[in-house]
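K.L.:
Before we start, here is the structure in question, set down as structure tokens.
Laboratory data are not the source of any read-out in this text; all were calculated from the coordinates shown. Quick caveat: nothing in here was measured; it's all calculated off a predicted structure. Reconstructed Cβ throughout: ideal geometry from the backbone, glycine too, with neighbour counts over all protein chains shown.
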Amino acid sequence: VSQGIRRPFQAIDHDEICRLYPPAPEYYDTAWFDPPEVVARKQFNRLRIRADAARKVPFYATRWEEAKFDPDELKTLDDLARAPTYSVEDLRRSIESNPPLGDYHSLRLEDACREPLRLFMTGGTTGTPRPILFTQWDREVGSLLVARCLYMQGVRPGDVVLNSWLFSTHNGGDIFDKALHTWLNCTVITTSAGTVTSSERQVEIARAYGANMITTTGDYMLRLAEVAQELGYDPRQDLSIRALPAMREYREPLESIFGLKQFDVYGFSEVQSVAVECPAHDGLHIFEDAVLIQIVDVETGEPLPDGELGEIVITDLYKTGDCHFRFNTHDLSYMYPPATCECGSSLRRIANFAGRADTMVKLRGVNVWPEAVGAIATAVDGTTADYFVTAVRRSHRDELICSVESDRTENHFPAIRDAIAKRLKDQLGVVIDVRVVPLGSLEEDMLQTTNGPAMKRKRFRDDRHGASL
Ligand SMILES: [Zn+2]
């Protein structure tokens with residue numbers, strides 16, 4: 001009966017995985033210190049294999065033919081820039097014309113007997129979720145990359161960890177579970193989100209079992225800290241937390257509540273976590289054995305020099321199922337010039353996520369991103385981490401209104417507003433209309449339900465077409 005079935009444990013060779021992609025902690029003694037020429041050789045060899053896989057996939061075959069890109073012409077890593085990029089819009093069109101999966105997969109569901117598969121979907125804060133097919137190899141290596149990040153964040157083998165990601169069609173909850181269990185020997189307690197296990201109960205479980213980390217979103221971590229305080233606990237003394245999840249906007253309050261440093265991470269559903277901050281906290285090192293990152297101009301798509309802000313284009317080097325060959329994420333960042341970091345690693349670094357290219361607003365010829373506005377505004381004294389940016393059109397001109405919550409009394413608002421407006425003008429070179437509002441005022445604007453791993457807060461609304469002021 002079992003003839004023709006290759007079971008998941010038979011589909012992969014763990015020794016081979018560890019040789020090609022060393023897991024933490026070994027990774028941080030070995031490949032982390034690979035010199036640039038070793039990295040380049042690994043990347044090129046793996047890139048050739050990925051190009052050969054991608055050319056057999058209809059989605060790439062068609063696009064490459066149209067762009068007259070021949071993968072046999074890949075002679076150096078720089079040649080990769082000649083392959084066309086694509087983005088979520090192209091994937092959406094692929095799904096619409098070939099439902100339900102699209103034509104961008106290397107495998108079909110019928111292949112599952114010989115190549116065990118998992119199907120997850122992207123969060124899809126806008127538009128239709130995209131299906132992603134994972135082979136057993138992709139799940140193993142993908143979770144290994146996530147485990148490298150967790151280790152850098154402070155998780156140690158044998159730790160107890162609460163997994164508070166919402167389990168759903170998204171792979172967020174599952175990949176953390178697998179990373180912690182398979183690659184770090186952690187005892188995972190799966191609580192899922194607050195809608196599944198109440199926040200009070202999550203805090204009590206974390207306390208009772210001495211959880212060393214709660215893996216979840218930054219804002220939910222902050223909520224759990226508040227709940228712990230409401231229950232009469234001191235989050236720093238009464239919990240055993242030693243590692244914080246990546247949280248960006250909630251970095252300051254959480255670092256001060258727990259007395260820990262946060263380590264930022266970059267990644268997304270299709271490739272998992274692919275870059276992490278090191279103890280120098282100066283940019284995110286890319287896992288260059290697993291992915292290749294390029295930064296391109298938002299308007300022309302051409303590769304940009306180091307240090308210039310543009311869109312992250314990613315090519316995976318490790319997968320065996322779906323290919324991601326020059327995927328333009330529309331996420332904004334810039335590449336650090338090649339250098340050996342304070343931590344000793346020469347792996348290339350990207351800057352922390354700077355926003356989304358598709359929410360860019362052009363103000364008097366200057367490209368402005370709501371996330372960048374928010375980051376500057378909420379760094380001013382007297383503000384909280386919550387802000388909301390609206391684009392409006394007034395007398396045929398595009399304007400941005402940045403509303404920021406303050407926990408001070410209202411008599412302080414004018415001074416805070418002026419300080420924010422000045423800083424925005426100094427740093428962005430354009431005038432932005434600033435409003436300071438009391439705590440809780442932006443709740444309604446920010447609330448947004450997604451089918452992603454957790455509730456995400458919305459930070460931007462475009463009122464230029466339709467609503468007017
Ligand atoms: Zn470093």
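K.L.:
How long, wide and thick is region 126-256, going by the Cα atoms along their three principal axes, in whole angstroms, largest first?
P.N.:
The Cα atoms of region 126-256 stretch 46, 36, 26 Å along their principal axes.
K.L.:
Taking the Cα-to-Cβ direction at ASP234 and at SER256 and moving 7 Å from each Cα, how far apart do the two end points lie in nm?
P.N.:
Distance between label points: 1.7 nm.
K.L.:
For LYS425, go through the aspartates and glutamates and keep the ones whose alpha-carbon is under 18 Å away, minus same-chain ones fewer than eight residues off.
P.N.:
Candidates past the 8-residue exclusion: GLU371, ASP381, ASP398, GLU399, ASP433.
K.L.:
With labels modelled as points extended 7 Å from the Cα through the Cβ direction, what inter-label distance (nm, one decimal) is found for ASP282 paired with PHE33?
P.N.:
Distance between label points: 1.9 nm.
K.L.:
All other residues with a Cβ under 11 Å from the Cβ of PHE353 taken together, and with Lys, Arg as +1 and Asp, Glu as -1, what is their net charge? Could you put the intermediate results ahead of the total?
P.N.:
On the way: positive: ARG248, ARG356; negative: GLU249, ASP264, ASP331, GLU371.
With Lys, Arg at +1 and Asp, Glu at -1, the net is -2.
K.L.:
Taking the Cα centre of the chain as the origin and placing charges on Cβ (Lys, Arg +1; Asp, Glu -1), which of LEU284, LEU400, ILE257 is farthest toward the positive end of the dipole?
P.N.:
So the residue furthest toward the plus end is LEU400.
K.L.:
Report the FRET efficiency, 1/(1 + (r/R0)^6), for ASP398 and THR190, where r is their Cβ-Cβ distance and R0 is 60 Å, rounded to 0.05.
P.N.:
So the FRET efficiency works out to roughly 0.85.
K.L.:
Within the chain, what percent of beta bridges assigned by DSSP are antiparallel, to the nearest 5?
P.N.:
Looking only at bridges with both residues in the chain, the antiparallel portion is about 70 percent.
K.L.:
Taking every pair of Cα atoms in region 242-363, average 1/r, invert it to obtain the Kirkwood radius, and report Rg/Rh to two decimals.
P.N.:
0.98
K.L.:
Here is a further query. In straight Cα distance, which aspartates and glutamates are under 14 Å from LYS68, not counting same-chain residues fewer than 8 positions off?
P.N.:
Result set, ordered by chain and number: ASP79.
K.L.:
Run down the lysines and flag those whose C-alpha is under 22 Å from the C-alpha of LYS319, throwing out any fewer than 8 positions away in its chain.
P.N.:
LYS42, LYS56, LYS75, LYS178
K.L.:
Sort largest first and round to whole Å: the equivalent ellipsoid semi-axes of the chain, each the square root of five times a Cα gyration tensor eigenvalue.
P.N.:
36, 29, 22
K.L.:
As a test of understanding, state the convex hull volume per residue of region 20-100 from its alpha carbons, in Å³.
P.N.:
In region 20-100, the Cα hull volume divided by residue count equals 132 Å³.
K.L.:
Separate question: Between LYS422 and ARG6, what length in nm is gained on full extension when 0.36 nm per residue of separation is reduced by their alpha carbon distance?
P.N.:
That works out to 143.4 nm of additional length.
K.L.:
Efficiency by 1/(1 + (r/R0)^6): what FRET value for THR340 and ALA67, r their Cβ-Cβ distance, R0 = 45 Å, to the nearest 0.05?
P.N.:
Result of the calculation: an efficiency of 0.80.
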